Amino acid sequence: MEKSKNKFYIRTYGCQMNKYDSEVIKNLLLKLNFREVSSPEEADYVFLNTCAVREHAEKRVFGRLDSLKGLKRVKPDTVIGVLGCVAKYHPELIGHPVVDFLAPPDSYRNLIQWLKTKRKGTIPENENEEYSDIFISPNKISSYLSITRGCNYFCSYCVVPYTRGRIRSRPPEDILEEAQSLVNSGTKEIILLGQNINAYHYNGIDFPEILKRVSSIKGVKRLGFLTSHPGDLPKELFSVMAAFDNITNYLHLPLQSGSDKILTRMNRGYKLKDYIKIIEEARNLMPDSNLTTDIIVGFPGEKEEDFQKTLDAMKRIRFDQAYMFAYSNRKGTLSALFPNQVEKKVRKQRLQRLIYTQNEITREKARELIGKEREVLILGEGKKGCKLGKDRNGRIIMTDGVAKIGTEYIIKINKVNGWVPFGGIKKEA
Ligand code: 5AD
Ligand code: SF4
């Protein structure tokens, strides 16, 4: 490969796992003397790392590909690749006028070899890929670290098991080595990632155990994790979270629906009462815990009374925040075949109603913090010259611009800006 022809641009869409994967890809490319540039126009290689979980995410990628037609016309040598879930979900994209190659999620190692000869095509995947020995070094205060890949759950609406394959857990030594190297490069907050992180299992080591081990690395000031499934939360998880100081008392636990009928159709494997029991346990052991969720409205067969059950559950549980979506019909999933698909207009209306309800709760929960003191680790710049940080429960808190990134302060919350609690610095923690 010519040295002058090694500039790449990468754009990441979708979830945290994709952000992590982009770091893995960058790491592999930098070893080959590639250089990252900040626009497609400057690049020899344009990579779009994509998401297929909902139609909307996918449309953004298709839109971007269309807008790259002009670039391909004036710089026909630019190699354009679609990476990630869309590459797997839409194999026909190889016929798209601007697409040179497709690289699905388990193909990135092969991609690097392939780039040396630069051909058109779909890069083959390594079925058991864990990217175990690749240690990312994003030089960030807060970094992701993937500990599992894939998912075995097959929720009836979800493409992930098809695009990312079966679950694989990474060896503990690799996780610990990567965590240590992140700390050495300046990371103070690590967020462990897995599509269903509870299911981590490697030679008798389970998720709570790996959590403990990463938490005992010196220099890890905050340790979080995403995403848990209510169906298989390990028994001792909450007691580990409560006992270890640097593990944030933050649980992202997708409920998806408040109706048992819909939960069954979604193949989620729990009922609302089971979910509520988990929340009660979490709140008993971690009274100030931060709880967020994912909800889908307008799933096939969801009647107004089912949607009401979701609204009621939201009011009862009072999540700190929720990520809310209108159901998106994904070809190849089981629910795409279900009868009684809900009209798009109704899905949108329900989504608006749900967002309205949750926004009130989010604001109230933020207001409850007024007058309280929190230990906040400053992680970055916020709006209007403010700084943003996280407290020990992983809640975002805003403070004055004088706060130094990477430092921990005692902050007294005195108001709420939009949804975000804002406080003044009392002293360094
Ligand atoms: N339609 C809408 N939302 C979906 N999600 C996953 N698949 C779909 C779909 N087909 C949501 C779920 C999941 C989150 C990552 O995305 O709520 O937890
Ligand atoms: Fe998709 Fe369900 Fe797996 Fe989450 S647990 S990635 S929603 S199949």
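Computed from the coordinates by the stated procedures, all read-outs in this text should not be read as laboratory data. This is a predicted model, so every value here is computed, not measured. Quick reminder, even Gly has a Cβ in these numbers, built from the backbone with ideal geometry, and neighbours come from all protein chains shown.
Only bridges whose two residues both fall in the stretch 142-367 count here: according to DSSP, what percent of them are antiparallel, nearest 5?
15 percent
Restricted to Cα atoms, the stretch 3-122 shows a radius of gyration and a Dmax of 13.0, 39 angstrom. Restriction of the trypsin sites (Lys or Arg not before Pro) in the stretch 344-419 to DSSP coil positions whose beta-carbon has at most 11 other beta-carbons within 10 angstrom yields 404.
Grab the other residues whose beta carbon is less than 11 angstrom from that of residue 427, score K and R as +1, D and E as -1, and report the net. Numbers along the way, then the final one.
Working: positive: 412, 426; negative: 373, 375, 408, 428.
Around residue 427, the charge tally is -2.
Taking the chain, the Cys residues with no second Cys beta-carbon under 4.7 angstrom are 15, 51, 85, 151, 386. When you filter the GluC sites (Glu not before Pro) in the stretch 1-104 for DSSP loop state and at most 13 other Cβ atoms inside 10 Å of their Cβ, you are left with 2.
Using all pairs of distinct alpha-carbon atoms, the Kirkwood hydrodynamic radius of the stretch 110-188 works out to 14.8 angstrom.
Which GluC sites (Glu not before Pro) in the stretch 347-429 pass both tests, a DSSP loop state and at most 16 other beta-carbon atoms within 10 Å? Let's see the in-between values first.
Working: sites: 360, 364, 368, 373, 375, 381, 408, 428; in loops: 368.
Answer in residue order: 368.
Per-residue Karplus couplings for the stretch 63-78, computed as 6.51 cos²θ - 1.76 cosθ + 1.60 with θ equal to phi - 60°, are listed in order as x, 5, 4, 4, 6, 8, 4, x, 4, 5, 5, 7, 10, x, 7, 4 Hz, Gly and Pro entered as x.
Pull up the DSSP beta bridges for the chain and report the antiparallel fraction as a percent, rounded to 5.
Details: 25 of 65 bridges.
Of all bridge pairs located within the chain, approximately 40 percent are antiparallel.
Averaging the sequence gap over all C-alpha pairs within less than 8 Å and six or more residues apart, then dividing by the number of residues, gives the chain a relative contact order of 10 percent.
For residue 24, what charge total do you get from the other residues with a beta carbon under 13 Å from its beta carbon, if Lys and Arg give +1 and Asp and Glu give -1?
Working: positive: 19, 26, 31, 109, 149, 170; negative: 21, 23, 106, 129, 130, 133, 174, 178.
Its environment carries a net charge of -2.
Each residue of the stretch 115-122 was assigned a 3J(HN,Hα) from its phi angle through the Karplus curve 6.51 cos²θ - 1.76 cosθ + 1.60 (θ = phi - 60°); the sequence is 4, 5, 10, 6, 10, 7, x, 9 Hz, with glycine and proline shown as x. Projecting the Cα atoms of 70, 104, 84 onto the charge dipole of the stretch 3-122 (Cβ charges, centred on the Cα centre) puts 70 farthest toward the positive pole. Report the normalised scattering of the chain as log10 I(q)/I(0) at q = 0.14 Å⁻¹, calculated by the Debye formula with identical scatterers on the alpha carbons. At q = 0.14 Å⁻¹ the computed log10 ratios are -1.45. For the stretch 349-354, backbone phi angles converted through the Karplus equation (6.51, -1.76, 1.60; θ = phi - 60°) give residue-by-residue couplings of 5, 5, 4, 4, 5, 5 Hz, Gly and Pro being listed as x.
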